[in-house]
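The values are calculated or read from the model by the stated rules, or taken from the named source; none is laboratory data. As the structure is a computational prediction, the values presented were derived from the model and not from experiment. Heads up, the Cβs are rebuilt from the backbone with ideal geometry, glycines too, and the neighbour counts pull from every protein chain shown.
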Amino acid sequence: MQATSPLLNLSGEQKTCRMVTLGCKVNQYETQLVFEALQKNGYREATEDENADLCVVNTCTVTHTGDSKSRQVIRQLSRKNPGTRTLVMGCYATREPQDLAKLPGVFEVVTNKKELPDILQRHGIYDMPVGISEFEGRRRAYVKVQDGCILKCTYCIIPSVRPGLQSRSPQEIEEEVRRLIDNGYLEIVITGVHVGHYGVDTTRGKSGKAPFRLWHLFEKLDKIPGNWRMRLSSIEAVEINNDFISAAANCEHLCPQFHPALQSGSETVLRRMRRRYSMARFQEKLQQMRERLDHPAFTTDVIVGFPGETEAEFEETLQSCREAQFMKVHVFPYSGRKGTKAIDFSDQLPPQVIKERVARLSELERDLAEDYYRERIGQTSQVFVERTSQKQDGWVRGTDERYVPVEFPGKKSEIGSFQTVTGHQAFRDHLSATRGGPNHE
């Protein structure tokens, strides 16, 4: 009897896979890395109506919703792909491997990503890439530069599922970014679990190595020539120092949009969360960046309904957001996680109170966004075109350097390119623009 090729399934056809990612940019990067490993070992992505031989689910456990969606996806894949084998990875897999192993179709749960190459080898996947070369289904590429978090925020489960710090080498990151640019990706998003701690683990103690931190990485990548840009996914306010600001101001390719996570604008709530800054210090950091950079945009995360949050404390958060003049606020209702300190705090808020406060902050967020868009009227920017407009025929939509959503007259053929526009009219969900600079005819 002739042996079956490792590249073929039992029907003698090329093996197929289906990838599903839940959660953050880091998860999306890690899924892409596994997908490229499968491709190098003979797999191709299954079509919509095709049964996949292998399914990979990269899970999220930041909230209860992430857990629930992860389980739901695994069950759906088993129903729609009879006989498939499902490999489960990600933060939920690390946190609750026994529960996930019981779900239909699951044959392997990866609890430690360091073991992933060995696990894949057991199933015939021997060639694990060092980095990625493309980003399937996306026009901008994410590059993960570090992993892990060592902070002790009382609401967060991530340090227990991604413990410690692991930074990639600058040379490896640069090679990956160059490869992605050569493959046509014009925007690179620098990301990590706690990206502001990049390089802390490689040069601390008695390593003898010169410090190489996040701002050094900016400067190194900025030397890569070409018409491209990089964006930082997030940063902690306490990690914005003079070196960071100087590098950000001097880098040609770095977008002037930053995401310092606020979480709460109330001093007392911040202390209960065990955050590392005061509101005065947070606002001071933003002001320092505004003084050095060209009209930077600031976006943030806010958790609404943290245990014990009073109406007065919530009002402090609203006022802090106004003073910070955020362009965008990602609003998250508090989700208690088993294994965190906050789950045992008294005064857990009723869901209806949290829902009402989420609505109020979301309304303020739209007001602040429109205020920022209005400031861009008459200003020139470079828009990365991502799709055609759903509002007007003959228009396209994309994001500029400051992550402002912009719509302007354009063609479908311009998707994936940079176009120069001038802001014309502000709306609550985007900036309308004209083509070219202010003197363009």
Do we find a residue being in a helix (DSSP H, G or I) and exposed (fewer than 15 other Cβ atoms within 10 Å of the Cβ) anywhere in the stretch 228-242?
-> yes
Per the list (1) under 23 Å from the mean Cα position of the chain (by Cα); (2) closer than 25 Å to GLN325 by Cα; (3) β-branched (Val, Ile, Thr), residue check on VAL193 breaks on (2)
Contacts under 9 angstrom Cβ, first residue in the stretch 368-388 being outside the structural domain of GLN325 (by TED's automatic domain parsing), partner at pLDDT 95 or above and in a helix (DSSP H, G or I), 6 or more apart = VAL385/GLU414; ARG387/LYS412; THR388/LYS412
Got a number for residues in the stretch 294-317 being surrounded by fewer than 16 Cβ atoms within 10 Å (Cβ to Cβ) and over 16 Å from TYR155 (Cα atoms)?
-> 6
Which one of ASN27, ASN81 is surrounded by 17 or more Cβ atoms within 10 Å (Cβ to Cβ), at pLDDT below 95 and not hydrophobic (A, V, I, L, M, F, W, C)?
-> ASN81
Criterion (of a type in the set (Lys, Arg) and crowded, with 20+ Cβ neighbours inside 10 Å) met by exactly one of ARG213, ARG178, ARG204 | ARG213
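Residues checked against (1) in contact with a strand residue (DSSP E or B) (Cβ under 6 Å, 6 or more places away or on another chain); (2) assigned by TED's automatic domain parsing to the domain that holds ASP344; (3) at pLDDT 95 or above:
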site: THR94; (1), (2), (3): no, no, yes
site: LEU116; (1), (2), (3): no, no, no
site: ARG168; (1), (2), (3): yes, no, yes
site: ILE173; (1), (2), (3): yes, no, yes
site: ILE181; (1), (2), (3): no, no, yes
Of these, ARG75, ARG79, which one is closer than 25 Å to GLU50 by Cα and either of a type in the set (Asp, Glu) or in contact with a Pro (Cβ under 7 Å, 6 or more places away or on another chain) (or both)?
-> ARG75
Looking for whichever is farther than 20 Å from PHE107 by Cβ, surrounded by 20 or more Cβ atoms within 10 Å (Cβ to Cβ), without any contact (Cβ under 8 Å) to a residue 60 or more places away in the chain and of a type in the set (D, E, K, R) here; the options are ASP67, ASP53. Which one fits?
-> ASP67
Collect the residues in the stretch 112-159 that are outside any loop (DSSP other than H, G, I, E, B) and either of a type in the set (Phe, Trp, Tyr) or closer than 24 Å to LYS15 by Cβ (or both), keeping them in residue-number order.
-> LYS113, GLU115, LEU116, PRO117, ASP118, ILE119, LEU120, GLN121, ARG122, TYR142
A careful count of residues in the stretch 56-84 that are in contact with a Cys (Cβ under 7 Å, 6 or more places away or on another chain) and assigned to a strand (DSSP E or B) gives 2
Would you please name the residue that is surrounded by the most Cβ atoms within 10 Å (Cβ to Cβ), looking only at residues in the stretch 367-420 that are within 21 Å of GLY226 (Cβ to Cβ) and hydrophobic (A, V, I, L, M, F, W, C)?
-> VAL383
Hey, MET289 hits all of (1) modelled with pLDDT under 95; (2) in a helix (DSSP H, G or I) but one; which does it fall short on?
-> (1)
Look through the stretch 330-354, keep the residues that are among the aromatic types (Phe, Trp, Tyr) and under 28 Å from the mean Cα position of the chain (by Cα), and return whichever of them is surrounded by the most Cβ atoms within 10 Å (Cβ to Cβ).
-> TYR334
The lone condition ARG178 fails out of (1) in a helix (DSSP H, G or I); (2) farther than 29 Å from GLU386 by Cα is (2)
List, please: which pairs have Cβ atoms under 6 Å, are six or more places apart or on different chains, and start with a residue in the stretch 178-205 that is at negative phi and end with one that is acidic (Asp, Glu)?
-> ASN183/GLU134; VAL193/ASP147; GLY196/GLU236; GLY196/GLU239
